[in-house]
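The values are calculated or read from the model by the stated rules, or taken from the named source; none is laboratory data. It should be emphasised that the depicted structure is a prediction, and the values quoted were computed from it without experimental measurement. Neighbour counts are summed over all protein chains in view; Cβ atoms, including those assigned to glycine, are modelled from backbone coordinates with ideal geometry. SASA here: full protein model, heavy atoms, side chains in, ligands and nucleic acids out. Shrake-Rupley method; radii C 1.70, N 1.55, O 1.52, S 1.80 Å.
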Amino acid sequence: MTDLQQLEVWFITGSQHLYGNEALKQVEAHSKEITSALQAAKSIPVKLVFKAVVKSGDEAYQICMEANGAPSCIGLITWCHTFSPSKMWINGLKILQKPILHLHTQYNRDIPWSSIDMDFMNLNQAAHGDREHGFIMSRMRLNRKVVAGFWREEAVQNQIGAWSRAAAAWSDWQGARFCRFGDNMREVAVTDGNKVAAQMRFGFSVNGFGIGDLVQVIDQVEESQIERLIKSYKSSYSLGTPEKSSFTKSVRDAARIELGLRSFLARGGFKGFTTTFEDLHGLAQLPGLPAQRLMSEGYGFGAEGDWKTCALLRAFKVMAKGLKGGTSFMEDYTYHLDPKDPKVLGAHMLEICPSIARNKPSLEVHPLGIGGKEDPARLVFDTAPGEAVNVSLVDMGNRFRMILNEVSVVAPDKPLKKLPVARAIWKCKPDFKTAVSAWIYGGGAHHTVFSQAVSTEMVEDFARMADVELLIIDEGTTLRKFQSELRNNEVYYGLKNWPSG
């Protein structure tokens, strides 16, 4: 899993030689102080590195070139302390391949009312220096995040932290490899898509591997490895169905599959994987417990060959690193249609990540009913109440689209004693009918990434970096406005992608 503390965001300040050496020394000193303060902020999980005061076109170009070639650099924060003529940034910004955040701040919080003079005015010019800087990025149609406010404010630091998490996830996607065991679930449309277009847009690759390739690795697992892993199971989970005759064998088979799957993914350098119950040749059971445990360690996962949700889950796992709350693969399963209190029951056959568990998960073995294999092991639990997001990534043909719904997780009305899967119950925002109608109008999938750690702001930042359409369903959503946004987006993306389509 990515260590966010090893990633760097470079702090770049804009100025020019016009102000003289003494002024530039102050600019640099102020910039270093701001960088140090941001580095110490609890909400910013990456390293903040002061890099340069850019004073010419050559310097702007060189720092952007350097950033492109630095694997640890995941993005730039720019700030114009004084006035930095925007034309000198053009060549650098043209080649920049890393996300950018424009911090609109100033060194001093307050105007020094009784002592302000023209020297102070000439030095502290972000109020119009950043407008010049902002113009050129708008003129160049560059996606970036703008954060405005005093650099010591917690709200400002929180926004930078959200952006840095999105930048870390975007960096993690570049060159990432995702593995598919088997193909897409037959005849299903929404979980399929164009993998070549995804690699061109997002930077990750998705390739298929025969289930026999995995089975060969599973068959090499040693019994001593299985024994050690089962001891870990017993210490991590309560044993929910030990009286079942199939319990011991099923758990051992699950452990064998987990060890083989873990080895296969490590050898190939994969960051996530998909499975399908329609292709289990050589496996004793559908990998439920193994998928749950690998997700909890940061791997992406998608059921039924859903590689888009697999990749998106990996990105969310990176964004969520170190934050309170879990993140999981999820599926909208069934509804509670009480007109006074409608709810959604989210679950899956087996594969929900235990990072979202309210209490200690129960390790259980039950029949699955589909797939034609032996009873699989799985972790059973309820999800803790709280705010969350559900996000879907779909292929619309001429573009990819992300759809986000803000939800509130609640406790079940009654214990779900006969439902032996991990599950979450939530209420949709702004209300059930508006949310599900908007989701369906937008073409959202039944598979999602569910997170109680990742915020809407992080998803917005991530979508901006990916230059991908994002539809948000929240407290302010109305169907009239949502459908209008859909129509407007069709025009916008149609023109943007023309003539390539």
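Data for the structure
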item: Matching entry among Ile425, Ile440 (being open to solvent by 40 Å² or more (accessible area, probe 1.4 Å), modelled with pLDDT of 95 or more and out of contact with any helix residue (DSSP H, G or I) (no Cβ under 8 Å at 6 or more places or on another chain)); result: Ile440
item: Elements of type helices (runs of 4 or more DSSP H) in the range 6-95, at least 3 residues being surrounded by 19 or more Cβ atoms within 10 Å (Cβ to Cβ); result: 20-40, 57-69
item: Unmet criterion (only one of (1) farther than 29 Å from Asn184 by Cβ; (2) of a type in the set (D, E, K, R); (3) assigned to a loop (DSSP other than H, G, I, E, B); (4) in contact with a strand residue (DSSP E or B) (Cβ under 7 Å, 6 or more places away or on another chain)) for Asp375; result: (1)
item: Matching entry among Ile403, Ile425 (being over 21 Å from Gly305 (Cα atoms), within 24 Å of the chain's Cα centre (by Cα) and part of a strand (DSSP E or B)); result: Ile425
item: Out of Ala166, Ala197, sole residue that is under 28 Å from Leu323 (Cα atoms) and either open to solvent by less than 10 Å² (accessible area, probe 1.4 Å) or under 31 Å from the mean Cα position of the chain (by Cα) (or both); result: Ala166
item: Any hit, the range 438-445, residues being farther than 17 Å from Gly326 by Cα, in contact with a Gly (Cβ under 9 Å, 6 or more places away or on another chain) and assigned to a helix (DSSP H, G or I); result: yes
item: Qualifying positions in the range 453-501 - of a type in the set (A, V, I, L, M), assigned to a helix (DSSP H, G or I) and either open to solvent by less than 40 Å² (accessible area, probe 1.4 Å) or farther than 23 Å from Leu142 by Cβ (or both); result: Met458, Val459, Ala463, Met465, Ala466, Leu479, Leu486
item: Helices (runs of 4 or more DSSP H) (entirely within the range 186-281) containing at least 3 residues that are among the basic types (Lys, Arg) and farther than 19 Å from Glu304 by Cβ; result: 223-236, 247-268
item: Matching option when the condition is touching a residue at least 40 places away in the same chain (Cβ under 8 Å), in contact with a Ser or Thr (Cβ under 6 Å, 6 or more places away or on another chain) and either open to solvent by 40 Å² or more (accessible area, probe 1.4 Å) or of a type in the set (Phe, Trp, Tyr) (or both), among Phe450, Phe432; result: Phe450
item: Hits in the range 231-269 (condition: surrounded by fewer than 16 Cβ atoms within 10 Å (Cβ to Cβ), free of Cβ contacts under 8 Å to residues at least 60 places away in the same chain and aliphatic (A, V, I, L, M)); result: Ala266
item: Given (1) touching a residue at least 40 places away in the same chain (Cβ under 8 Å); (2) open to solvent by less than 10 Å² (accessible area, probe 1.4 Å), number of the condition Phe277 does not satisfy; result: (2)
item: Verdict on Val147 being aliphatic (A, V, I, L, M), in contact with a strand residue (DSSP E or B) (Cβ under 7 Å, 6 or more places away or on another chain) and open to solvent by less than 10 Å² (accessible area, probe 1.4 Å); result: yes
item: Residues of the range 169-194 satisfying the condition of being within 16 Å of Gln97 (Cα to Cα) and either in contact (Cβ under 8 Å) with a residue 60 or more places away in the chain or open to solvent by less than 20 Å² (accessible area, probe 1.4 Å) (or both); result: Ala169, Trp170, Ser171, Asp172, Trp173
item: Flag if Ser84 is of a type in the set (Gly, Ala, Ser) and at pLDDT 95 or above; result: no
item: Selected residue (criterion: most open to solvent (accessible area, probe 1.4 Å)) from residues of the range 282-299 that are in a loop (DSSP other than H, G, I, E, B) and touching a Phe, Trp or Tyr at 6+ places or on another chain (Cβ under 8 Å); result: Tyr299
item: Test set (1) loosely packed, with under 15 Cβ neighbours inside 10 Å; (2) touching an Asp or Glu at 6+ places or on another chain (Cβ under 8 Å); (3) in a loop (DSSP other than H, G, I, E, B) - Leu416 fails condition number; result: (1)
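This table checks each residue for (1) of a type in the set (A, V, I, L, M); (2) part of a helix (DSSP H, G or I); (3) open to solvent by 10 Å² or more (accessible area, probe 1.4 Å); (4) in contact with a Gly (Cβ under 9 Å, 6 or more places away or on another chain).
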site	(1), (2), (3), (4)
Phe301	no, no, no, yes
Lys308	no, yes, no, yes
Leu312	yes, yes, no, yes
Phe316	no, yes, no, yes
Leu323	yes, no, yes, no
Met330	yes, no, no, yes
Tyr333	no, no, yes, yes
Asp338	no, no, yes, no
Asp341	no, no, yes, no
